[in-house]
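Asks: Before I ask anything, let me first share the structure, which is written out below as structure tokens.
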Amino acid sequence: MQYKAMKYPLVLSLLTAALCLAGAVALAESQLADVADDYTYRFPESVAIQFIGVSPSVAASQTFPAARTWWMPNGQKAAIAISTVSDLKACKGGGSGNIYREFVMSVTDSRKLPIPITAEVIVPAEVAGAELLSDIVKRGAIRHTGTIPANVEACDVYLGVAAGQWTTIAKCAGVTGASSTTSDGKSVLFAPAYQITGGVMVPISDSLAKSVLIADGVKGDADDFRIVAVDTKGNIVPADKMQSGAATGEFRLTTAVFPTLKLSDIKELRAQTRPFRWVEFPQVALNMKQPELPASVLAATPALRR
């Protein structure tokens, strides 16, 4: 079985929340990669992602059933049991004539010192405007829910994973604010940080956001993006929350929150990026296929031979 895997050498930045904002679009370099028959793709960073199941989800006004049916991307019943976790959100938007589906992938990180993984799932068939569950890499799984037109029997699913080392592309000494220009002429502006009830908040604006073309008419994020603080003891503290606001022209506006720090704890702020790698799972079944009857049963049952 083969799926398209796409790799990007771009070293620009995007939020972990991963919004595709204004910016140039680069055509991704693509190549075929061997994926195991169990729907597993192994990334160069010793991270393996396995597409383990699809299941009916529910609308926001409904309740998840105690038992749910799961099937593999090819429509065959899944042999593995997948539990419903408390942080799973129901689908919103779409109205009548739509179905709700959840896609689940398992994550295995065999590195001695695992690095937190960022994942993005893109399902082009999803109804525009539907409020979707953020892709959660939690308890070793990526879970994504979406609203899809009921007449769609199968759809392409694109998975982006950022699992590599981070690269610092801009710095700010202290908390008073500074502007920085990257080697390729992009800008990062750190506004002065300020103390809030829940820690320290830092507003940032940058012109680094960039998307890549991963398939005809389908764009994905080129890079993962984060803000970290270096405290007075030299410890690297990633922002606990990264929230993106509206874009102004080519600039993206972001606020980073450090709940465990005070202003006096911060020696330096850094903007960091790492590239996403994309894999395509084509024509994932949106309904479970009925099991085929053995030839002996078909031959012995006249009604089934018609």
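The values are calculated or read from the model by the stated rules, or taken from the named source; none is laboratory data. From a predicted model like this one, the values you see are computed outputs, not experimental measurements. Glycine gets a Cβ as well: all are built from the backbone with ideal geometry, and neighbour counts include every protein chain shown.
Asks: When residues of segment 182-196 are filtered for being part of a strand (DSSP E or B) and under 28 Å from the mean Cα position of the chain (by Cα), how many remain?
Replies: Total meeting the criteria: 4.
Asks: Could you list, in sequence order, the residues of segment 65-84 that are assigned to a loop (DSSP other than H, G, I, E, B) and modelled with pLDDT of 90 or more? Give the steps one after another, and end with the answer.
Replies: Within segment 65-84, the first condition is being assigned to a loop (DSSP other than H, G, I, E, B), and the residues that meet it are 65-70, 72-76, 78-84.
Selection gives Met72, Pro73, Asn74, Gly75, Gln76.
Asks: OK, next. Given the conditions (1) surrounded by fewer than 17 Cβ atoms within 10 Å (Cβ to Cβ); (2) farther than 30 Å from Ser46 by Cβ; (3) of a type in the set (Gly, Ala, Ser), and given that Gly234 satisfies all but one, which numbered condition is not satisfied?
Replies: All conditions pass for Gly234, except number (2).
Asks: Within segment 156-179, is even one residue under 30 Å from Arg42 (Cα atoms) and touching a Gly at 6+ places or on another chain (Cβ under 9 Å)?
Replies: Yes, the conditions are met somewhere in segment 156-179.
Asks: Looking for something over 21 Å from Gln50 (Cα atoms), modelled with pLDDT of 85 or more and crowded, with 16+ Cβ neighbours inside 10 Å - is there at least one such residue anywhere in segment 106-115?
Replies: no
Asks: Within segment 145-160, can you find the residues that are surrounded by fewer than 24 Cβ atoms within 10 Å (Cβ to Cβ) and within 13 Å of Ile49 (Cα to Cα)?
Replies: Answer for segment 145-160, where residues must be surrounded by fewer than 24 Cβ atoms within 10 Å (Cβ to Cβ) and within 13 Å of Ile49 (Cα to Cα): just Tyr158.
Asks: Further, regarding this structure: I'm checking my understanding of the structure. Among residues of segment 165-181 that are in a loop (DSSP other than H, G, I, E, B) and among the β-branched types (Val, Ile, Thr), which one is farthest from the chain's Cα centre (by Cα)?
Replies: Thr176
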